[in-house]
Each structure stands twice: as structure tokens, then as C-alpha cells.
Amino acid sequence: MLSIRIIPCLDVTDGRVVKGTNFINLVDAGDPTELAQTYNHEGADELTFLDISASSSGRETTIEVVKRTAEEVFIPLTVGGGIRSVDDVDRLLRAGADKVSINTAAINRPDLIAEIANRFGSQVLVLSVDARRASKGYEVTTHGGRQSTGLDAVEWIKKSCDLGVGEILLNSMDADGTREGYDVEMINDVRPICPVPLIASGGAGKLEDFAEALNAGADALLAASVFHFGTFRISDVKKYLRERGYNVRESQLR
């Protein structure tokens, strides 16, 4: 059985890590490189670095911050935000990213998924799906949840996997930053149609939430607020899960 991955998420804007609720009311959470070093030391299995203002403001991800972060950590680094082309992916991989996460550009031009997968391999490509509850099922959104797409999240995930996506990062826009638990129902609904690893994101607030997301079918768990503001250390989460029989890697920090 593959090990469960615990993944801190660094939402970055203007070179600083920020965190809010439902992607609004953002507060400063620190320097991305310093936080990355801390999480690397504590035993994070991966890091996800998202420039959350890149798509909405038309900027590319800040390459220099990615370079600094990649130089300081020794675990896989996924980078997203403002990626619009194969060349953007190439620049990020050369800057030190191990994987890239795309969202808006893939919705605008789904063929980009196949282009990236064909050139670099599916293993480097994560599709970030910012989904919220709709009258029927779940709707895909973009630009931090501010714009609707009209796409059904389940159908979009099916199509993206067929095009070559290597992983799905499923963000619950309703749960984001609330610390009221992952959207277990959404995870349950997506799992049967998702043939690639599924990363759950949005809503972690207590240790039990991590186990509930795994029981719903998540392969990896992404969180931000509870790590950035000291509610838990990564080692706390791993200890809790290990004691309940989940297969997790040892944390470096004791």
C-alpha cells in the first residue's frame, strides 16, 4: 500500500504566504522559503506552492521565489499559478519544480493537458479543480472561486484524466479555510471516476478530519491554515494517522 502523503500548501501573493477563508479576507502567514524549510524539517512529504493571484492579474508565477524555495527543500515541490503553455512548464521545472499544477489554462484550452503530458510525462502534471456545490453536483470555478465556468466537476475530472493528468488536486471552495472538515461527500463522489491519485484540499481543522478524508478515498491530504498558524505540526498529523493504522512515512522531527 502506498504511503499517505501530507502536503502543506503555500498560497503566495506578492512574494508572501497568505491564507483566508474561501479565498477572501487574506492574512499574512509568512515567508514562503522559511515556511518551506520548516515543513521540510518537520517531515512534509511534498509541498504545493500556488501563486493565487497569478491567473487573476495576468502574472506568471514568481520564478525567483520558486528557485529560492527549491534550493531549500529536499522533497517534491509542486508549483502552480499563471501557467499557460508548455514553455511555462519548462521554465518552472528548470527553476526547481518537480510537478506543476494547472487550472484556468486547462479549462480555457483542454488540449494543454495532453501537450504537457506528452512532453514531460503525466507524472509532472497536477490538475487543480476548485469546485463548489451547485444546484446539481459540483461546479468548477476559477480565479480563486470568483468566476464560474459552468463545468461539472466530475465530468471535467473524467475528461482531464483521459487527456493525461497525473493527479487531481480537489479543492473544496465551500470548505476552504473554514477548518470545519474536508468535503467528504465531494471526495466520495469523485473517487469512483478518478483513476489517478486524488489529493483532498480545503477545510482541515482537527486531526479527525484527516482520517475522514482518507476514509472517503483521498490518497493525499493538503492543508494550510492548521500548519501555518500552529494548530498542528505535520508530525502530529502523522502520529495520529499512524496510530490508527494508516501507512505514513516517518517524520524527521521528533
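The values are calculated or read from the model by the stated rules, or taken from the named source; none is laboratory data. Predicted model only: the values in this text are computed from it and were never measured. Neighbour counts run over all protein chains shown; Cβ positions are idealised from the backbone, glycine included.
Residues are listed down the side, and each one gets a yes or a no for (1) touching a residue at least 40 places away in the same chain (Cβ under 8 Å); (2) in contact with a Gly (Cβ under 9 Å, 6 or more places away or on another chain); (3) closer than 19 Å to Val140 by Cα:
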residue: Val165; (1), (2), (3): yes, no, yes
residue: Leu170; (1), (2), (3): yes, yes, yes
residue: Asp174; (1), (2), (3): yes, yes, yes
residue: Glu180; (1), (2), (3): no, yes, no
residue: Ser201; (1), (2), (3): yes, no, yes
residue: Ala216; (1), (2), (3): no, no, no
residue: Asp219; (1), (2), (3): yes, no, no
residue: Val237; (1), (2), (3): yes, no, no
residue: Glu243; (1), (2), (3): no, no, no
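Applying the selection to region 54-72, what residues are surrounded by fewer than 20 Cβ atoms within 10 Å (Cβ to Cβ) and at pLDDT 80 or above?
Once the filter is applied, which keeps residues that are surrounded by fewer than 20 Cβ atoms within 10 Å (Cβ to Cβ) and at pLDDT 80 or above, region 54-72 yields Ile63, Glu64, Lys67, Arg68, Glu71, Glu72.
Go through (1) polar (S, T, N, Q); (2) at pLDDT 85 or above; (3) assigned to a loop (DSSP other than H, G, I, E, B) and name the single condition Thr38 misses.
Going through (1) polar (S, T, N, Q); (2) at pLDDT 85 or above; (3) assigned to a loop (DSSP other than H, G, I, E, B) one by one, Thr38 breaks only (3).
In the list Gly205, Gly230, which residue meets the criterion of being in a loop (DSSP other than H, G, I, E, B) and either farther than 25 Å from Val129 by Cα or free of Cβ contacts under 8 Å to residues at least 12 places away in the same chain (or both)?
Answer to the check: Gly230.
In region 150-193, what residues are hydroxyl-bearing (Ser, Thr, Tyr) and surrounded by fewer than 18 Cβ atoms within 10 Å (Cβ to Cβ)?
Thr178
Residues of region 114-140 being under 29 Å from Arg94 (Cα atoms) and either aliphatic (A, V, I, L, M) or part of a strand (DSSP E or B) (or both), which ones?
Ala114, Ile116, Ala117, Val124, Leu125, Val126, Leu127, Ser128, Val129, Asp130, listed by residue number.
Return only the number of the condition from (1) within 18 Å of the chain's Cα centre (by Cα); (2) of a type outside the set (Lys, Arg); (3) surrounded by fewer than 22 Cβ atoms within 10 Å (Cβ to Cβ); (4) over 24 Å from Ile193 (Cβ atoms) that Ala224 does not satisfy.
(3)
If I filter region 134-143 down to residues being at pLDDT 95 or above and over 16 Å from the mean Cα position of the chain (by Cα), which single residue comes out as farthest from Asn188 (Cα to Cα)?
Only one residue tops the list, namely Glu139.
Would you point out the residue of region 79-90, among those that are under 17 Å from the mean Cα position of the chain (by Cα) and either touching a residue at least 60 places away in the same chain (Cβ under 8 Å) or assigned to a helix (DSSP H, G or I) (or both), that is surrounded by the most Cβ atoms within 10 Å (Cβ to Cβ)? Give the derivation first.
Quick first cut of region 79-90, residues under 17 Å from the mean Cα position of the chain (by Cα) only: 79-83, 89.
From what is left, the residues that are either touching a residue at least 60 places away in the same chain (Cβ under 8 Å) or assigned to a helix (DSSP H, G or I) (or both) are 81, 89.
Working: Gly81: 27, Val89: 23.
Residue satisfying both the conditions and the ranking: Gly81.
Yes/no matrix, rows are residues, columns are (1) surrounded by fewer than 20 Cβ atoms within 10 Å (Cβ to Cβ); (2) of a type in the set (Asp, Glu); (3) at pLDDT below 95; (4) touching an Asp or Glu at 6+ places or on another chain (Cβ under 9 Å):
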| site | (1), (2), (3), (4) |
| --- | --- |
| Gly145 | yes, no, yes, yes |
| Leu198 | no, no, no, yes |
| Gly230 | yes, no, yes, no |
| Arg249 | yes, no, yes, yes |
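Residues of region 185-197 being in contact with a strand residue (DSSP E or B) (Cβ under 9 Å, 6 or more places away or on another chain) and either farther than 19 Å from Ile157 by Cα or in a loop (DSSP other than H, G, I, E, B) (or both), which ones?
Those that are in contact with a strand residue (DSSP E or B) (Cβ under 9 Å, 6 or more places away or on another chain) and either farther than 19 Å from Ile157 by Cα or in a loop (DSSP other than H, G, I, E, B) (or both): Cys194, Val196, Pro197.
Filter region 1-15 for residues that are closer than 19 Å to Thr69 by Cβ and either touching a helix residue (DSSP H, G or I) at 6+ places or on another chain (Cβ under 7 Å) or among the aromatic types (Phe, Trp, Tyr) (or both); which is modelled with the highest pLDDT?
Here the answer is Ile6.
Name the residues in region 198-254 that are among the polar types (S, T, N, Q) and in contact with a strand residue (DSSP E or B) (Cβ under 7 Å, 6 or more places away or on another chain), would you? Please lay out each step first, then the result.
Looking only at region 198-254, we keep the residues that are among the polar types (S, T, N, Q), and these are 201, 215, 225, 231, 235, 247, 251-252.
Matches in region 198-254: Ser201, Ser225, Asn247.
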